[in-house]
Amino acid sequence: METSTAAASAGGNLVLILDYGSQYTHLITRRIRQLSVLSLCLAGDAPLASISSLRPRAVILSGGPHSVHLPNAPSFPDSFLEFVEHNGIPVLGICYGMQLLVQKLGGEVAVGEKQEYGKMEIDVVRESGLFGAELVGKHQTVWMSHGDEAARLPEGFEVVARSVQGLVAAIENPSKRLYGLQYHPEVTHSAQGMETLSHFIFNVCGITADWKMQDVLEEEIKVIKDMVGPDEHVICALSGGVDSTVAATLVHKAIGDRLHCVFVDNGLLRYKERERVMATFESDLHLPVTCVDAVEQFLSKLKGVKDPEAKRKIIGREFICVFDDFAHDLELKLGQKPKYLVQGTLYPDVIESCPPPGSGRSHSHTIKSHHNVGGLPEDMKLKLIEPLKLLFKDEVRKLGSILNVPESFLKRHPFPGPGLAVRVLGDVTEGNGLDILRQVDEIFIQSIKEAGLYDSIWQAFAVFLPVQSVGVQGDQRTHSHVVVLRAITSEDGMTADWYYFDQRFLVDVVRKICNSVRGVNRVCQDITSKPPATVEWE
């Protein structure tokens with residue numbers, strides 16, 4: 001679903017978030033969607049044409065790590081304020097977004113003498129579009145994260161909430177439909193944050209909660225039918241994960257047997273993944289799938305490669321070579337070559353591929369494809385179809401449920417496109433790293449399932465480190481490998497916390513690994529959250 005199509009399918013009720021680099025920006029997007037309203041995210045300095053083309057009913061300016069006083073501080077595009085005023089579009093600035101509004105409209109932002117970070121109390125001092133009358137005079141616990149403060153408000157603005165230290169916490173100019181919050185309502189630490197966002201979306205903006213997965217399904221089917229000609233054929237790269245499976249099921253519903261699925265065994269799969277996945281495709285999903293054995297092709301190209309980004313690019317190139325060969329074989333069989341490739345790219349991939357202004361990274365002004373197999377070549381012959389590119393993981397699962405994908409399949413933990421290449425640090429072809437990792441990972445995952453913990457964990461996996469340690473096994477001194485266990489809780493993979501296992505569980509798992517897997521004598525646990533770490537290892 002392209003952004004213009006998404007805006008149309010939102011029924012004129014799109015909320016647009018301009019991203020200025022806050023680690024919570026994606027949470028704003030998710031919270032709005034939880035209110036059954038479609039929200040999309042663009043870089044904060046996106047051209048005005050990109051913003052206006054989406055016809056948003058409301059715009060939210062995110063927080064960010066910057067100060068408006070810095071040279072070249074990120075800002076919205078020229079004429080943005082005139083655009084929203086002329087079109088009657090309400091704007092809500094959050095943290096940096098509020099300070100940006102204050103500064104650009106002639107107010108004053110100063111370095112705060114009383115900097116506020118973490119949980120704070122605020123008092124609602126007057127009824128407003130952000131707070132109901134019943135909240136006036138009452139305390140709220142909110143999450144602050146700022147060093148600057150609004151020292152003088154622009155003309156027409158009023159303070160509607162203050163922190164217990166007396167600093168400005170919320171402002172509004174109802175005649176111009178401009179609002180600001182110094183804190184982050186999108187995080188769970190702000191106890192009534194969802195209520196505040198709800199007030200803004202429904203009371204101020206007059207938006208209708210009418211965004212549903214069934215509508216997404218119908219719109220996507222229409223888009224695919226319009227895109228793919230009546231006689232054209234499509235290839236789908238099935239990984240065995242939730243995303244590609246739901247994408248394949250959706251496309252199959254749209255074009256039927258003109259979809260040709262291919263599952264590639266690249267030598268980087270989990271324990272017995274090939275056998276298990278193919279059985280599921282055949283018995284439960286009834287998708288026509290061809291399995292291609294490309295183990296030697298991939299591993300030969302990866303030999304000696306240690307850099308994770310280089311691995312991703314090699315894997316991406318080899319995947320496309322396999323798909324091109326598969327398309328050629330289909331051409332001989334069908335009399336024409338497929339023109340499209342389906343991928344299960346998700347919205348977190350899209351957001352993370354479009355860094356916000358001021359991040360020091362290059363970025364796109366429009367939502368672009370993030371190729372989840374990594375490093376697809378520019379001369380790729382197949383055109384991409386990415387029907388899930390504006391959905392989060394939990395939304396994909398809801399869509400899959402509507403499509404009757406088995407629940408046991410929908411609950412599978414995410415698996416990265418490059419497979420175990422990002423879980424074996426260093427050269428994946430050295431020693432017996434891949435086989436050791438498969439065994440360790442299988443023991444870990446099966447133990448989690450036996451303990452009834454699988455559905456409580458967003459993702460769990462093992463990592464093979466390119467180091468060896470001294471140990472004692474069977475009364476003998478050993479010099480064997482080190483593995484790491486990682487399990488996280490998350491809503492969408494964009495932020496995550498490590499899962500707190502019971503000590504007895506960990507003791508049992510470590511015992512099983514060291515007693516069962518030859519070549520391992522030390523097991524560690526990764527207890528790093530995201531941020532600062534990523535979900536996957538690279």
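Structure summary
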| read-out | value |
| --- | --- |
| Sequence-separation-based contact order of segment 38-138, relative, with Cα cut under 8 Å and 6+ spacing, percent | 24 |
| Under 14 Å from Lys381, Cα to Cα: aspartates and glutamates that are on another chain or at least 8 residues apart | Glu318, Asp324, Asp325, Glu331 |
| Span from the segment 27-45 Cα centroid across to the segment 480-538 one, whole angstrom | 32 |
| Helix axis angle, 213-227 relative to the chain longest principal axis, alpha carbon, degrees | 70 |
| Val136/Arg504 FRET efficiency (R0 41 Å; Cβ-Cβ; nearest 0.05) | 0.20 |
| Relative contact order, percent, the chain [alpha-carbon distance under 8 Å, six or more residues apart] | 12 |
| Nearest 10 degrees, 0 to 90: helix 393-402 Cα axis against the chain principal axis | 70 |
| Partner aspartates and glutamates for Lys176 [C-alpha distance under 18 Å; skip if fewer than 8 residues away on the same chain] | Asp78, Glu82, Glu85, Glu127, Glu155, Glu158 |
| Linear extension gain, Ser401 paired with Glu282, 0.36 nm per residue minus alpha-carbon span | 41.0 nm |
| log₁₀ of I(q)/I(0) at q = 0.09 Å⁻¹ - segment 57-197, Debye sum with one point per alpha carbon | -0.23 |
| Charge-dipole axis of the chain as Lys and Arg at +1 and Asp and Glu at -1 on Cβ define it, positive-most pick from Ile235, Val484, Ala58 | Val484 |
| For segment 121-208, convex hull volume per residue from C-alpha positions, Å³ | 91 |
| Cross-link partners of Lys138 among lysines (Cα-Cα below 24 Å; sequence separation of 8 or more within a chain) | Lys114, Lys119 |
| Summed side-chain charge close to Val102 - residues other than Val102 whose Cβ falls under 10 Å, Lys, Arg +1, Asp, Glu -1 | -1 |
| Sum of -39500 (n - 2.57) over DSSP H runs of 4+, divided by residues of the chain (222 nm, nearest 500) | -9500 deg cm²/dmol |
| Student exercise, the chain dipole from Lys, Arg, Asp, Glu Cβ charges, in Debye to nearest 20 | 700 |
| Charge tally in the Cβ shell below 14 Å around Lys176, where Lys, Arg are +1 and Asp, Glu are -1, Lys176 excluded | -3 |
| Acute angle (nearest 10 degrees) that the helix 433-450 long axis makes with the longest principal axis of the chain, alpha-carbon atoms | 60 |
| Amide H contacts under 5 Å for Ala451, placed H, 5+ residues apart | none |
| Under the Karplus curve 6.51 cos²θ - 1.76 cosθ + 1.60, θ = phi - 60°, whole-Hz ³J(HN,Hα) for segment 481-493, x wherever Gly or Pro sits | 8, 10, 10, 10, 9, 10, 9, 10, 10, 6, 9, 9, x |
| Segment 119-165 and segment 419-442: distance between their alpha carbon centers, rounded to Å | 52 |
| Matching label, Cα extents along the principal axes in Å computed from the structure shown, candidates [x] 68, 63, 50; [y] 71, 69, 48; [z] 72, 66, 41 | [z] |
| For segment 430-525, the fraction of alpha-carbon pairs in successive 5 Å shells from zero, as % | 2, 13, 25, 23, 17, 12, 6, 2, 1, 0 |
| For Val264, net neighbour charge (Lys/Arg +1, Asp/Glu -1) across residues whose Cβ lies under 9 Å away | -3 |
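Each value in this text was obtained by applying a stated rule to the coordinates, not by laboratory testing. Just so you know, these numbers come straight off a predicted model, no measurement behind them. Here the Cβ is made from the backbone with ideal geometry for all residues, glycine too, and neighbour counts use every protein chain on show.
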